[in-house]
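Below is one structure, written out as structure tokens; the observations come after it.
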Amino acid sequence: MKNITVIGAGTMGNGIAHIFAMNDFNVTLVDISEQALEKAIATIDKNLWRMVAKEKISEEDKTETIGKITTSTNLQEAVKNADLVVEAATEHEETKLNIFKQMDEFAPGDCILASNTSSISITKIASVTDRPSQVIGMHFMNPVPVMKLVEVIRGYATSDEVTSKIMEVSKQLGKVPVEVNDYPGFVANRILMPMINEAIYSLYENVAGVEEIDTVMKLGMAHPMGPLQLADFIGLDVCLAILDVLVDGFGNPKYAACPLLKKMVTAGKLGRKSGEGFYKYQEGSKNLTVAPTFVK
């Protein structure tokens, strides 16, 4: 397995391309937007320079890594020689199903098709292909170059051979793969999202303020980031979408999103990516300021 195609040049896609290239795989990064591809390469370049500055890699390593990444806006051409395709498009079911239909049509017959989805059923994704035994989930964590975990999700028809290959390639990337079965939210988000939702309810019901809730979880439970700050980091729209998947999948109202979360997403307050969520974000500043809505 040497030729990897990554579909989607956003935060997750460029991170996935980065780690494959850094571990001596040939990578084709695909996006419908040439501008998104240029931004992705600039981000990878900046992150590699940061590693050079910290003496984790040499300048030669950095040059070799960038040299292993090519970009394309043509999915058909980009997957025709792939051994593994990793889809990292937006967390939208219809979009992913459409991409997998195309991947299935144009990729070689022995190519493995993986999705970086954080919540959408691998079994459902596999059902639109003619190779369900070769469809699997590779759920990387953000930021991909730093976080060690990969959730490897087996769909209903995913073969033992394909699962073993993806577990092995994850280890080659320096990651720790954990095999899980295909149920709503898998493991990470089935546990994480209800916690984030409960934190939002605690704010909504005026149990405590934004900083107070995050401080309790950081200092009391040794979490590196409070749940409200983490929700901002993930994206409040993504949190809402995953909670909706959990409600639909289990039919259990305990997963229903807090009204405050729904209202914030409707208002376009999506967290870090929109500049404001529970906190307000300024370009170039690492200081956290509680958003004006929540200042007492």
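Laboratory data are not the source of any read-out in this text; all were calculated from the coordinates shown. Because the structure is predicted, anything quoted here is derived from the model rather than measured. FYI the Cβ positions are ideal-geometry reconstructions off the backbone, even for glycines, and counts take in every protein chain you see.
Ranking Met195, Thr158, Gly15 by how far each Cα lies toward the positive end of the dipole of the chain (charges on Cβ) leaves Met195 at the top. For the chain, a Gaussian network of Cα nodes joined below 10 Å ranks Asp160, Asp31, Asp45 by mean-square fluctuation, and the top entry is Asp160.
Contact order, relative form, for the chain: 12 percent (alpha carbon pairs under 8 Å, 6 or more residues apart, mean separation divided by residue count). Just one of [x] 22.3, 65; [y] 19.3, 66; [z] 19.5, 59 is Rg and Dmax of the Cα atoms in Å as worked out from the coordinates here. Which one is it? Answer label, from the structure shown: [z]. Principal semi-axes of the equivalent ellipsoid, √(5λ) from the alpha carbon gyration tensor of segment 189-291, are 21, 16, 12 Å from largest down.
Between helix 188-204 and the chain there is an angle of about 20 degrees, using the helix long axis and the longest principal axis of the Cα atoms. Of Ile57, Ile112, Ile200, the residue with the greatest mean-square motion in the GNM of the chain, using alpha carbon springs below 10 Å, is Ile57. Round to the nearest 10 and give me the degree value, 0 to 90, for the angle of helix 93-106's Cα axis relative to the longest principal axis of the chain. For 93-106 against the chain, the angle is about 10 degrees.
Rank by packing, highest mean first: peptides 79-86, 261-268, 280-287, 183-190, with packing defined as the count of other Cβ atoms within 10 Å averaged across residues.
Working: 79-86: 21.6, 261-268: 16.0, 280-287: 9.8, 183-190: 18.4.
Peptide ranking by packing, descending: 79-86, 183-190, 261-268, 280-287.
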